[in-house]
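Undergrad: To start, I am sharing the structure in question, which I have written as structure tokens.
Just so it is clear, none of the values below were taken in a lab; they were calculated from the coordinates. Since the model is a prediction, treat every value here as computed from it, not as a measurement. Note: ideal-geometry Cβ built from the backbone for every residue, glycine included; neighbour counts use all protein chains shown.
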Amino acid sequence: MGKWFPHLYDTVMKPLEKRKFKRIRIKLVEQATGKVMEIGSGTGVNFPYYRNAVSVDAIEPDSVMRERSQKNRAQSPAPIQIWNTDAEQLPFGDDTFDSVVATLVFCTIPNPIKALEEVKRVAKPGAAILLFEHVRVDQPVMEKAQDVLTPLWKHICDGCHLNRDTLASVRQTGIEVNSVESFYKGVFITVSGTWGQAP
Ligand SMILES: C[S@@+](CC[C@H](N)C(=O)[O-])C[C@H]1O[C@@H](n2cnc3c(N)ncnc32)[C@H](O)[C@@H]1O
């Protein structure tokens, strides 16, 4: 993890969070019901919005992020347990969760397909998969810019790829996409999906 990133993350994100992201997060996270897993919970920005969750298991591999998330954890309406682990190898049994949440995470996870396979393993059949991500834009000039900038961006922003096609990865792994909403000309999207069929 880049040294500055976890320390300055909340400060750098503040203008975007205030302007738009807060509303996006609330709308997405309120859809998470029952037993919830959040991947890459960072500083716990989503924690205060788990109004409909019974419990949340949040995984976050970075120790500074985990430490910083304690304040938001205390403000959550649902009990939250934070785990030091990677999304590619989850310490949970099969068919455990009713909902899975990930926000601004699949851009950074080293092996997103492996992580999505793990999501499918630990999600109950019919579980809600709720994502808010920045993604590769379907526009030639923007796409090219994202490709050119990604090596430097990755270096500065702790492994974050500007050009990941996360929606394609989600579809590739067989998660059913029920709705997609796009923001900032398609740079950011929310995805509401379902894994498998409820019995
Ligand atoms: C850009 S931050 C997003 C944090 C938070 N989800 C948010 O919405 O603000 C990306 C997060 O993904 C975490 N991360 C990186 N690699 C990961 C992995 N393999 N599994 C799970 N989380 C990971 C990072 O530690 C970091 O907290």
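Undergrad: Dipole of the stretch 102-199, Cα-centred, from +1 at each Lys and Arg C-beta and -1 at each Asp and Glu C-beta, to the nearest 20 debye? Please report the intermediate quantities before stating the final value.
TA: Values: 10 positive and 10 negative charges, 31 e Å.
Magnitude of the dipole: close to 140 debye.
Undergrad: Moving to a separate point now. Which of the lysines could be linked to Lys20 by a straight reach, that is with a Cα gap under 16 Å, when you skip same-chain ones fewer than 8 residues away?
TA: Output for Lys20: Lys185.
Undergrad: Which Rg and Dmax, in Å, describe the Cα atoms of the chain?
TA: 15.8, 46
Undergrad: As a test of the formula, what do you get for the chain when each DSSP H run with n ≥ 4 contributes -39,500 (n - 2.57) and the sum is divided by the residue count, at 222 nm and rounded to the nearest 500 deg cm²/dmol? If you can, show how the numbers build up before the last one.
TA: Details: 7 runs with 67 residues, N = 199.
The per-residue figure over the chain is -9500 deg cm²/dmol.
Undergrad: Moving on. If I stretch the segment between Leu16 and Asn178 completely, what's the gain in nm (0.36 nm per residue apart, minus their alpha carbon distance), one decimal? Can you show the working numbers first?
TA: Values: separation 162, 0.36 × 162 = 58.32 nm, distance 2.61 nm.
This chain segment gains 55.7 nm when fully extended.
Undergrad: Next question, about the same structure. Given +1 on the Cβ of Lys and Arg, -1 on the Cβ of Asp and Glu, and no further charges, what dipole in debye does the chain carry about its Cα centre, rounded to the nearest 20? Walk me through the numbers on the way to the answer.
TA: Numbers: 25 positive and 23 negative charges, 158 e Å.
Rounded to the nearest 20 debye, it is 760 debye.
Undergrad: State the antiparallel share, in %, of DSSP beta bridges confined to the chain, rounding to the nearest 5. Walk me through the numbers on the way to the answer.
TA: On the way: 15 of 35 bridges.
So the antiparallel bridges in the chain amount to around 45 percent.
Undergrad: Out of Leu130, His7, Val119, whose Cα points farthest toward the positive end of the dipole of the chain (charges: +1 Lys, Arg; -1 Asp, Glu; placed on Cβ)?
TA: His7
Undergrad: Please give me, ordered by residue number, the chymotrypsin sites (Phe, Trp or Tyr not before Pro) of the stretch 113-196 that lie in loop per DSSP and have at most 16 other Cβ atoms within 10 Å.
TA: Details: sites: Phe132, Trp153, Phe183, Tyr184, Phe188, Trp195; in loops: Tyr184.
Sparse-neighbourhood loop chymotrypsin sites (Phe, Trp or Tyr not before Pro): Tyr184.
Undergrad: Give me the number: length gained by fully extending Ile26 to Asp94, i.e. 0.36 nm times residue separation minus the C-alpha to C-alpha distance, one decimal in nm. Don't skip to the end; give the middle numbers.
TA: Numbers: separation 68, 0.36 × 68 = 24.48 nm, distance 2.78 nm.
So the chain would gain 21.7 nm between Ile26 and Asp94.
Undergrad: Anything over 30 Å Cα to Cα? Flag those among Lys18/Lys114; Lys35/Lys144; Lys18/Lys120; Lys14/Lys154; Lys3/Lys124, in the order listed. Present the calculation step by step, with values, prior to reporting the outcome.
TA: On the way: Lys18/Lys114 33 Å; Lys35/Lys144 40 Å; Lys18/Lys120 32 Å; Lys14/Lys154 20 Å; Lys3/Lys124 37 Å.
Those over the limit are Lys18/Lys114; Lys35/Lys144; Lys18/Lys120; Lys3/Lys124.
Undergrad: In the Gaussian network model of the chain, springs joining C-alpha atoms below 10 Å, which of Arg51, Arg23, Arg121 carries the largest mean-square fluctuation?
TA: Result for the chain, Cα springs under 10 Å: Arg23 fluctuates most.
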